[in-house]
Amino acid sequence: MSGTEELLVDADQLAAELDRPDPPTLLDVRWRLVGPPGRDDYAAGHLPGAVFIDLDTELCGRPGAAGRHPLPDPA
């Protein structure tokens, strides 16, 4: 890390959270501006228990007037 970025949680904190009776769900949202979605990278290696989420198909609405990756319709 360059020193200007802040971690939401460090490795030790994450390990402690994952060891709890009701651990958080880890979402692996790999994405590239150019190239295929990150599913192949996810399959090659990810944190144990992490679930792959595709930005374009699962986290965004349809591209249009609201932009290329708008928030999805709440419904």
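The values are calculated or read from the model by the stated rules, or taken from the named source; none is laboratory data. Computed from a predicted model, the values in this text were never measured in an experiment. Because the Cβ atoms are built from the backbone with ideal geometry, glycine has one as well, and the counts that use them run over all protein chains shown.
Here are the numbers:
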| quantity | calculated |
| --- | --- |
| Criterion violated by Asp73 - all others in (1) more than 17 Å from the chain's Cα centre (by Cα); (2) touching a residue at least 24 places away in the same chain (Cβ under 8 Å) satisfied | (2) |
| Single condition Asp56 does not satisfy, out of (1) in contact (Cβ under 8 Å) with a residue 12 or more places away in the chain; (2) over 25 Å from Asp12 (Cβ atoms); (3) in contact with a Pro (Cβ under 8 Å, 6 or more places away or on another chain); (4) in a loop (DSSP other than H, G, I, E, B) | (4) |
| Residue among Val51, Val34 that alone is at negative phi and modelled with pLDDT under 90 | Val34 |
| First in the range 15-29 and within 17 Å of Gly45 (Cα to Cα) and free of Cβ contacts under 8 Å to residues at least 40 places away in the same chain, second anywhere and in a loop (DSSP other than H, G, I, E, B) and acidic (Asp, Glu), Cβ under 9 Å, 6 or more apart | Val29/Asp54 |
| Selection status of Ala65, of a type outside the set (Val, Ile, Thr) and at pLDDT 85 or above | yes |
| Matching residues in the range 30-49 - criterion: being hydroxyl-bearing (Ser, Thr, Tyr) and either over 24 Å from His69 (Cα atoms) or free of Cβ contacts under 8 Å to residues at least 12 places away in the same chain (or both) | none |
| Candidate set: the range 11-35, residues that are surrounded by 10 or more Cβ atoms within 10 Å (Cβ to Cβ) and assigned to a loop (DSSP other than H, G, I, E, B); chosen: the one farthest from the chain's Cα centre (by Cα) | Pro23 |
| All positions within the range 36-53 that are within 26 Å of Val9 (Cβ to Cβ) and in a loop (DSSP other than H, G, I, E, B) | Pro37, Gly38, Gly45, His46, Leu47, Pro48, Gly49, Ala50, Ile53 |
